[in-house]
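Q: Take a look at the following structure, please.
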Amino acid sequence: MTLRTPEARRPKIVCLAGFMGSGKSTIGQLLARQTGRRFVDLDTRIEERAGISIRDFFERHGEAMFRALEEETLTQVVGECLEKGQPAVVALGGGTYAQARNQTALREQGAPVIWLECPVEELLSRCATITNRPLFRDEASFRELYQRRLPSYQLADYRVDSSREPRLVVAEILALDLFEQVTA
Ligand code: S3P
């Protein structure tokens, strides 16, 4: 018999981290649907707060300001979910978990982080046709950024291979026993 975690001890917030194209939003939405949780896409929340797209924000204010806004928005999202007692799945942005302060904040709030690990070749092919990512300039810088971020992603609480089809990725995450209820 497998002992399941008591409901009260389950984390209210579960975060998905990973590089651009790793499937954070797709997997996050599916997970939220299957577990009856709220889904929060951090990038969407940032755009709502800023009133402009992330691409435009980068162009106008640069990356340092973006990281500050990202950190503030993450704090707001986490606070809001905990205050309302609303269990949520949060898809982080590709660089969110590479910032040490965000790692600390999530740890302090008891929000486990799942790294959606995916080979860089697959990430490249997934992102090649998408033009709205300010940090996807060319293949060489994409690969370099990926390598630079790996040590941060490796600090995540869990790691799941996200190069497979979403249904299988979700099944593996559900098997981690982090969620309360699961519907087919
Ligand atoms: C970023 C990834 C983007 C977005 C922003 C910065 C990054 O999120 O947060 O453009 O630093 O890798 P996605 O990974 O959802 O594209």
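Q: Would you please list the contacts, defined by Cβ atoms under 7 Å and residues six or more apart or on different chains, that run from a residue in region 61-76 that is under 15 Å from ALA98 (Cα atoms) and touching a residue at least 24 places away in the same chain (Cβ under 8 Å) to a residue that is in a helix (DSSP H, G or I) and of a type in the set (Val, Ile, Thr)?
A: Final answer for the pair search is GLU70/ILE46; GLU70/THR96; LEU74/THR96.
Q: Could I ask something else about it? Could you check region 138-164 and list, in sequence order, the residues that are part of a loop (DSSP other than H, G, I, E, B) and either over 26 Å from LEU176 (Cα atoms) or within 15 Å of the ligand (Cβ to nearest atom) (or both)?
A: Kept after step one, since they are part of a loop (DSSP other than H, G, I, E, B), are these residues of region 138-164: 138, 154-157, 162-164.
Hits for region 138-164 are ASP138, ALA156, SER162.
Q: Follow-up question, since we're still on this one. Filter region 111-133 down to the residues that are more than 27 Å from VAL14 (Cβ to Cβ) and not in a helix (DSSP H, G or I), then identify the one that is nearest to the ligand (Cβ to nearest atom).
A: So, considering only residues that are more than 27 Å from VAL14 (Cβ to Cβ) and not in a helix (DSSP H, G or I), the one nearest to the ligand (Cβ to nearest atom) is THR131.
Q: Among the residues of region 28-60, count how many are acidic (Asp, Glu) and without any contact (Cβ under 8 Å) to a residue 24 or more places away in the chain. Even if it seems obvious, please write down each step before you answer.
A: Going residue by residue through region 28-60, those that are acidic (Asp, Glu) are 41, 43, 47-48, 56, 59.
In the following step, the residues that additionally are without any contact (Cβ under 8 Å) to a residue 24 or more places away in the chain were identified as 47-48, 56.
Of the residues in that region, 3 qualify.
Laboratory data are not the source of any read-out in this text; all were calculated from the coordinates shown. The model shown is predicted, which means the values in this text are computed figures rather than measured ones. Note: ideal-geometry Cβ built from the backbone for every residue, glycine included; neighbour counts use all protein chains shown.
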